[in-house]
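A short write-up of the structure that comes next.
The values are calculated or read from the model by the stated rules, or taken from the named source; none is laboratory data. Owing to the predicted nature of the structure, the values given are computational and were not obtained by experimental measurement. Cβ sites come from the backbone with ideal geometry, for glycine too, and all protein chains shown count toward neighbours.
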Amino acid sequence: MTATICGTGSFIPSYTMDNHDIARLVDTSDEWIQERTGIARRHIIHGETTISMAAEAGRRALENAGISAEEVDLILVSTISSNLLLPCAACEVQKELGAKNAVCFDLNAACTGFVIAYNTAMAYLSGGIYRTALVIGSESLSNLTNWKDRGTCILFGDGAGAAVLQADGSVAEGFMGQGGNYIPVTHSDGGRGGALTCKSRHDFNGLTDEKQWNDASYYMQMDGQAVFKFAVKSVPEAITEVLKLNQVNAEEISFYVMHQANRRIVEAVAKRLGVPLEKFPMNLFEYGNTSSASIPILLDEMNREGRLVKGQKLVLAGFGAGLSWGASIVEWRR
Ligand code: COA
């Protein structure tokens, strides 16, 4: 079987915080944030939840694909910030959408999450196990953000993006790339995980609620420079590896849809690969880093703007906590 993306959707909360709002909370400035990150504002939940955003992004993706909720066999939600531990976010999305035939589970691979969720769904579809999958990245990082830490609170935002994947019934012959299913490249290095951490509030360790709310380890903590160095080295390596593995030339790739963390990271990756920056679409100016939601939100914007044309090859590339990173080739056949 081969499989392809046949619809996308996203949901962005309407409430925004710009850099001037952040500068009222910590010692920073719009100029500093824009220069170091390229981020101007971020959208923050105001009544919405990780699950409600996931459901709305999923609904929009199904509408875009022209596929009914009953046709969905698999719902996969990538998130590190669900408002519920049980049931999983994917089961809640199933309930919201009425996708009663789907099997549902969540996946946590931080900012690499959407790429790994996409690969997981593709493996099920190309193995002939399921025919239609709804893959969602949804995050309310504002709940995990330490609004007193200027090293992190300038970076993150909330939102959700989704893609519908469907097996097309044809058989991929021989080398996987020829059938439209490409072999992905993904890596993890738990040994370097200390660069980006956040303790679960369930690891309360005898602390009272008040102490926990004031303990920085229960919010995202990051060695910014270490993560920056990791990203600008690992992402180009993974992209080079995935192209080589699938015998695809860099010139054949129309767009590199990268996790939206920092403009300087995207620029450095483009430079290392020797690829023009125009092939690296960006929307982090508006949303900041939305973790596993950033790639599907960007993909949905490009789809709805008509920038994606049948036959184009794209690279999806993610990186983040774990540490984890990876790249996948997608052929746009919508
Ligand atoms: N506003 C103003 N000054 C700030 C600041 C802020 N928000 N944050 C840090 N600074 C200061 C530091 O205290 C330091 O001051 P000093 O020189 O007096 O000690 C100076 O700015 C430089 O700090 P540094 O940490 O070297 O900045 P940087 O250029 O590395 O930028 C990040 C910091 C966080 C923007 C950058 O490291 C980054 O984006 N890293 C990757 C993070 C990321 O993408 N994480 C998610 C991955 S999924």
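Residues that are β-branched (Val, Ile, Thr) and not in a helix (DSSP H, G or I) within the stretch 254-291 comprise VAL257, VAL275, THR290, listed in sequence order. When the stretch 29-52 is filtered for residues that are within 16 Å of the ligand (Cβ to nearest atom) and surrounded by fewer than 18 Cβ atoms within 10 Å (Cβ to Cβ), the ones remaining, listed by number, are SER29, ASP30, GLU31, TRP32, GLN34, GLU35, ARG36, ALA40.
So which residues in the stretch 214-228 are modelled with pLDDT of 90 or more and not in a strand (DSSP E or B), if there are any at all?
Applying the first criterion (modelled with pLDDT of 90 or more) to the stretch 214-228 yields 219-228.
Those that are modelled with pLDDT of 90 or more and not in a strand (DSSP E or B): TYR219, MET220, ASP223, GLY224, GLN225, ALA226, VAL227, PHE228.
Does CYS88 fit the bill of being over 25 Å from TRP325 (Cβ atoms), touching a Cys at 6+ places or on another chain (Cβ under 8 Å) and buried (at least 19 other Cβ atoms within 10 Å of the Cβ)? Criteria not met by CYS88.
Checking the conditions here, which among PHE280, PHE230 is touching a Phe, Trp or Tyr at 6+ places or on another chain (Cβ under 9 Å), more than 11 Å from the ligand (Cβ to nearest atom) and among the aromatic types (Phe, Trp, Tyr)?
Details: PHE230 fails: more than 11 Å from the ligand (Cβ to nearest atom).
Of the residues listed, the single one that is touching a Phe, Trp or Tyr at 6+ places or on another chain (Cβ under 9 Å), more than 11 Å from the ligand (Cβ to nearest atom) and among the aromatic types (Phe, Trp, Tyr) is PHE280.
Taking residues in the stretch 19-32 that are of a type outside the set (S, T, N, Q), and partners anywhere that are in a loop (DSSP other than H, G, I, E, B) and more than 9 Å from the ligand (Cβ to nearest atom), the pairs with Cβ atoms closer than 6 Å and at least 6 places apart or on different chains are LEU25/TRP147.
Confirm whether VAL115 is at pLDDT 95 or above, among the β-branched types (Val, Ile, Thr) and over 16 Å from SER140 (Cβ atoms).
yes
Inclusion of SER140 among residues that are buried (at least 23 other Cβ atoms within 10 Å of the Cβ), more than 12 Å from the chain's Cα centre (by Cα) and small (Gly, Ala, Ser) is warranted. Scanning the stretch 82-139 for residues that are within 22 Å of ARG201 (Cβ to Cβ), touching a residue at least 24 places away in the same chain (Cβ under 8 Å) and in a helix (DSSP H, G or I) yields a count of 6.
Does THR8 qualify as being outside any strand (DSSP E or B) and among the β-branched types (Val, Ile, Thr)? No: the conditions fail for THR8.
When the residues of the stretch 140-164 are filtered to those that are of a type in the set (A, V, I, L, M, F, W, C) and assigned to a strand (DSSP E or B), the one that is nearest to the ligand (Cβ to nearest atom) is PHE156. For the residues GLY306, GLY311, the requirement of being out of contact with any Lys or Arg (no Cβ under 9 Å at 6 or more places or on another chain) and either assigned to a loop (DSSP other than H, G, I, E, B) or farther than 17 Å from PHE114 by Cα (or both) singles out GLY306. Assess whether ALA261 counts as being within 16 Å of the ligand (Cβ to nearest atom) and touching a Phe, Trp or Tyr at 6+ places or on another chain (Cβ under 8 Å). In short, yes. For the stretch 195-208, the set of residues classified as in a loop (DSSP other than H, G, I, E, B), surrounded by 13 or more Cβ atoms within 10 Å (Cβ to Cβ) and at pLDDT 85 or above consists of CYS198, LYS199, listed by residue number.
Residues that are in a helix (DSSP H, G or I) and in contact (Cβ under 8 Å) with a residue 12 or more places away in the chain within the stretch 33-43 comprise ILE33, GLN34, ARG36, THR37, listed in sequence order.
Screening ASN108 with (1) surrounded by fewer than 23 Cβ atoms within 10 Å (Cβ to Cβ); (2) within 22 Å of ASN303 (Cα to Cα); (3) within 20 Å of the chain's Cα centre (by Cα) gives one miss only, at (2). With respect to the conditions (1) closer than 17 Å to GLY38 by Cα; (2) among the charged types (D, E, K, R); (3) at pLDDT below 95, LYS211 falls short on a single one, namely (1).
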